[in-house]
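A short write-up of the structure that comes next.
The values are calculated or read from the model by the stated rules, or taken from the named source; none is laboratory data. Remember, it's a predicted structure, so these values are computed and weren't measured experimentally. Cβ sites come from the backbone with ideal geometry, for glycine too, and all protein chains shown count toward neighbours. For accessibility, only protein heavy atoms count, side chains too; no ligands or nucleic acids. Shrake-Rupley method; radii C 1.70, N 1.55, O 1.52, S 1.80 Å.
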Amino acid sequence: MTDLRTLPCLSETRLPFPLFRRGKVRDTYVLDGDHLLMVATDRISAFDVVLPTPIPLKGAVLTMLSKFWFEQTADLVPNHLVEVVLEPKRAAELGDPNLVGRAMVVRRAERVDIECVVRGYLAGSAWEEYRRTGEVCGVRLPPGLREAERLPEAVFTPATKAETGHDENISFERMASLVGAELAQKLRDLSLKLYGRAAALAEGRGIIIADTKFEFGLLGGQIIVIDELLTPDSSRFWDAALYEPGRPQPSFDKQYVRDWLIQSGWNREPPAPPLPEEVVAGTVSRYLEAYRRLTGRDLPAELGLG
């Protein structure tokens, strides 16, 4: 079990810059007219509620794994990353030594308010919708598929982006009416290319990316990837060696936390119950293992923590 006492934790930030947005996990600050500072804290949310117990190093996993994927996919689509804060001196200049590995300077873009979701396997809300209708977001799927089944081909299932509450799955036609047919088509094509590239790389390293969501922005008329990319918070990561369709899969994402919350009897209304230490430690180990498998690097050692 991971020794939580040896790991730094950042659950909130108070930096000397104007606050742009405080989300469930990220605190974003305005550096200047063209750049933002995005800090992935160690907060964790489930069922749209921020839990009272942070997950040590979680923010570093999200930031450093996003950096890895930005580098792996830059030839497919540009992204907003300018710099990941890796040096203690740089972190101190920005106002908090715990920013190392958790913060990135990004180019400020006009966000497209659509969650671009790609699903390669039948899980989560897609599985529930398929059981009821045989479709997912208006896409007709073959009959007789099992839970966690690999789809014949990856499908694009957009959703509206909600500031509070649940995102709402929508059809591609509805997305086109909201953002325009040309932009909708470009975002769908880019999302499927990104997923295809990442899924192939991850599977070769022992992880199945069952589904993921992308966020895009416009900068000077150009489409770029923004926010996080292919992390355990924005994706379902399964252990390829243990994959078996017809049941829920062992995962490297926050499904472990969701499962504990469901078993606890919590009614999914605030406040959420605190997580026991063994659940926190289990979540930390899953996030770090996902990072190690995908990048081939040990994150604590990379950040000078071990």
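Name the strands (runs of 3 or more DSSP E) wholly inside the range 60-170 in which the number of residues that are open to solvent by 10 Å² or more (accessible area, probe 1.4 Å) and in contact with a Ser or Thr (Cβ under 7 Å, 6 or more places away or on another chain) is 2 or more. Outline the logic, then answer.
On the way: elements: 81-84, 103-107, 114-121, 150-156.
In the range 60-170, 114-121 are the strands (runs of 3 or more DSSP E) which contain 2 or more residues that are open to solvent by 10 Å² or more (accessible area, probe 1.4 Å) and in contact with a Ser or Thr (Cβ under 7 Å, 6 or more places away or on another chain).
Among the residues of the range 231-254 satisfying the criterion of being in a loop (DSSP other than H, G, I, E, B) and of a type in the set (Asp, Glu), which is modelled with the lowest pLDDT?
Looking only at the range 231-254, we keep the residues that are in a loop (DSSP other than H, G, I, E, B), and these are 231-234, 243-250, 252-254.
In the following step, the residues that additionally are of a type in the set (Asp, Glu) were identified as 233, 244, 253.
Working: 233: 92, 244: 97, 253: 86.
Checked the range 231-254; the qualifying residue modelled with the lowest pLDDT is 253.
All but one of (1) part of a helix (DSSP H, G or I); (2) within 28 Å of residue 82 (Cβ to Cβ); (3) open to solvent by less than 20 Å² (accessible area, probe 1.4 Å) hold for residue 257; which doesn't?
Status for residue 257: all satisfied but (2).
Taking the condition part of a loop (DSSP other than H, G, I, E, B), open to solvent by 10 Å² or more (accessible area, probe 1.4 Å) and over 17 Å from residue 67 (Cβ atoms), does residue 228 pass?
Numbers: part of a loop (DSSP other than H, G, I, E, B): yes; open to solvent by 10 Å² or more (accessible area, probe 1.4 Å): yes; over 17 Å from residue 67 (Cβ atoms): no.
Here the answer is no, as residue 228 does not meet what is asked.
What is the residue count in the range 260-272 for residues that are open to solvent by 30 Å² or more (accessible area, probe 1.4 Å) and in contact (Cβ under 8 Å) with a residue 40 or more places away in the chain? It would help to see each step written out before you state the result.
Within the range 260-272, the subset open to solvent by 30 Å² or more (accessible area, probe 1.4 Å) is 260, 262-271.
Adding the requirement that they be in contact (Cβ under 8 Å) with a residue 40 or more places away in the chain leaves 268-271.
Matching residues across the range 260-272 total 4.
When you scan the range 1-27, how many residues do you find that are of a type in the set (S, T, N, Q) and under 17 Å from residue 90 (Cα atoms)? Full working, then the answer.
Initially, the range 1-27 is screened for residues of a type in the set (S, T, N, Q), giving 2, 6, 11, 13.
This time we only want the ones that are under 17 Å from residue 90 (Cα atoms), so: 13.
Residues flagged as of a type in the set (S, T, N, Q) and under 17 Å from residue 90 (Cα atoms) within the range 1-27 amount to 1.
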